[in-house]
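Here, each number is a calculation from the coordinates, and none is a lab measurement. Please read all numbers here as calculations on a predicted model, not as lab measurements. Positions of Cβ are generated from backbone atoms using ideal geometry, with glycine treated the same way; all protein chains shown enter the neighbour counts.
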Amino acid sequence: MLDVRFVRENKEEIISRLDKRNLPAQELVTQMLQLDDIRREAQQQCDATQAEMNNLSAQIGEFFKTGRQAEANELKARTVELKETVKTLEEKQKTAEQNLTELLYTIPNSPHASVPKGKSAEDNEIVRESGAKPDLGSDALPHWEIAAKYNLINFELGVKITGAGFPVYIGQGAKLQRALIQFFLDEAEKAGYTEYQVPHMVNADSGFGTGQLPDKEGQMYHDATDDLYLIPTAEVPLTNLYRDIILTEKDFPIKMTGYTPCFRREAGSYGKDVRGLNRLHQFDKVEIVQIAHPDTSYENLETMVAHVGGILDKLELPYRILRLCGGDMGFASALTYDFETWSAAQQRWLEVSSTSNFETFQANRLKLRFKDANGKTRLCHTLNGSALALPRIVATLLENNQTPEGIRIPKCLVPYTGFEYIR
RNA sequence: GGAGAGAUGGCAGAGUGGUCGAUUGCGGCAGUCUUGAAAACUGUUGAACCGAGAGGUUCCGGGGGUUCGAAUCCCUCUCUCUCCGCCA
């Protein structure tokens, strides 16, 4: 969530930045600062009253010690009213704080200066395009038909044992998945990321920390018995490892990676673009996360973009990089680059990575801070990116690499799969 | 799942109603000494909020209560450890 103090000092800047999301924030910000004023005033009064109470208590103690009962009792009588006042003021402060927090939860992150203003995906800016789109001819098969032809993925079996959107990978299909995961993790390790194996379920605190709660409550699978959520991305457990932590400057940058399955209810997104691997309830992903110094976080973001691009280059997949416009960006992000690979049979771009800088938005909720050179405690910046999400990589790989001899495996993967063709 | 014990500052570990935000040790930081380092010695070393500042308030697992006053007493939740049961 936004940092109230920053908003207080940079009101106009925040409003103009939020405008990129087409969010008229004038009134929100005013309301927010009003609540903040109420809160601060209540606290000042409350603190002063409590200071008085503390004084009286000390005196009472002194009187009791020296056996001056009468004087002690006289003071005791005076505390009754003060106690009442403290209670009222405390209530007032708590309410203002709660209202402020609730309001803050509804305000998305303010976009970076480079974010284009826009409403939807059409307004995203194409940063660059890489690799040639293959010309497969008219008899090219979409990946779900390839998957059936070579018995790589069985969607019906998934429906039988679980439900739609939970595919079963078989034989060379399963092995391809495992090869990609291993390849992605190795690449991340080479780039200096430390691998973590983390729980696939998280508590509500973690959900709030990275911003999934309360915003995306309905998008996560929730186990009511133990009040745990299945993770929608490894970002949640990985970033929350650093919840409530104060780092020193020499700790930067912190670089973590992890493979996890990801679970998403995808409520309300049933329709035509969900065939095959295009949109699933459970999928595999290798995530990279960085915790960075605010002064360098955008350089860190560029290294992540280069990392993801490098992997796609090695996989020999045609892709493009988009800078998301304000209207298409996620709730918590300040700047997001999406990576899309070209799906030759479907003749469309598929999102395979989303790489973002959240600036202090998550860190504020996480209470993830560092001590700067002057000994001041400041919020860190958090960043993360998919490197990469499996299903659409598999989809484009199967489609783009189909040949009369079978599906060609890119060179970089052969050491992992142990086969050069799926036949 | 049953029984018991516990949760204090980066760590270890005191503290059972009145200058306790907390003794002490270790660690960290700074300095003295040294050619340098180590050792030794000296000092310093939690966080949040409010305040221009002086300073004030809050925090001893979370929440609630008793009291003029709570780390210390009561209730409750969570977690950890030990024993038993179950089990990959």
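Couple of notes before you dig in:
- Cross-linked pairs A:Lys255/A:Lys376; A:Lys160/A:Lys314; A:Lys119/A:Lys411; A:Lys117/A:Lys376; A:Lys94/A:Lys371; A:Lys314/A:Lys371: Cα-Cα separations exceed 31 Å for A:Lys160/A:Lys314; A:Lys119/A:Lys411; A:Lys117/A:Lys376; A:Lys314/A:Lys371.
- Three-way shape call for the stretch A:96-156 based on the alpha-carbon gyration tensor, with the a/c threshold at 1.5: oblate
- This ranking places A:Ile246, A:Ile291 by how few other beta-carbon atoms lie within 10 Å of each, fewest first, which gives A:Ile246, A:Ile291.
- For the stretch A:121-200: rounded, prolate or oblate by the Cα gyration tensor [a/c cutoff 1.5]: oblate
- For the stretch A:328-369, size of Cβ-based charge dipole, Lys and Arg +1, Asp and Glu -1, in debye: 320
- The three principal axes of the Cα atoms in chain A give end-to-end lengths of 102, 44, 43 Å, sorted in falling order.
- 13 Å reach of a label modelled at A:Glu249, 7 Å along Cα-to-Cβ, counting backbone N of the stretch A:279-293: A:293
- A:Ala51-A:Ile170 pseudo-label distance in nm [points 7 Å out on the Cα-to-Cβ vector]: 7.6
- Listed residue (A:Pro214, A:Gly418, A:Tyr337) projecting farthest to the positive dipole end of the stretch A:121-422, Cβ model: A:Gly418
- Cα gyration tensor shape for the stretch A:4-106, rounded if a/c is under 1.5, else prolate or oblate: prolate
- Contour excess over end-to-end distance, with Cα ends at A:Lys371 and A:Thr194 and 0.36 nm allotted per residue: 61.4 nm
- In plain terms, the residue of A:Val289, A:Val168 with the fewest other Cβ atoms within 10 Å comes first and the most crowded comes last, giving A:Val168, A:Val289.
- For chain A, the mean residue ellipticity at 222 nm estimated from helices alone is -13500 deg cm²/dmol, where every DSSP H run of n ≥ 4 contributes -39500 (n - 2.57) and the total is divided by all residues, rounded to the nearest 500.
- A simple charge model with +1 on the Cβ of Lys and Arg, -1 on the Cβ of Asp and Glu and nothing else charged puts the dipole of chain A at about 460 debye relative to its Cα centre.
- A Förster distance of 30 Å, applied to the separation of the beta-carbon atoms of A:Leu157 and A:Ala267, puts the FRET efficiency at 0.80.
- Chain A: DSSP helices with Cα axial extent of at least 27 Å and average Kyte-Doolittle hydropathy no lower than -1.0: A:26-65, A:69-106
- In plain terms, the chain from A:His222 to A:Glu145 could stretch by 24.4 nm, reckoned as 0.36 nm per residue minus the Cα-Cα distance.
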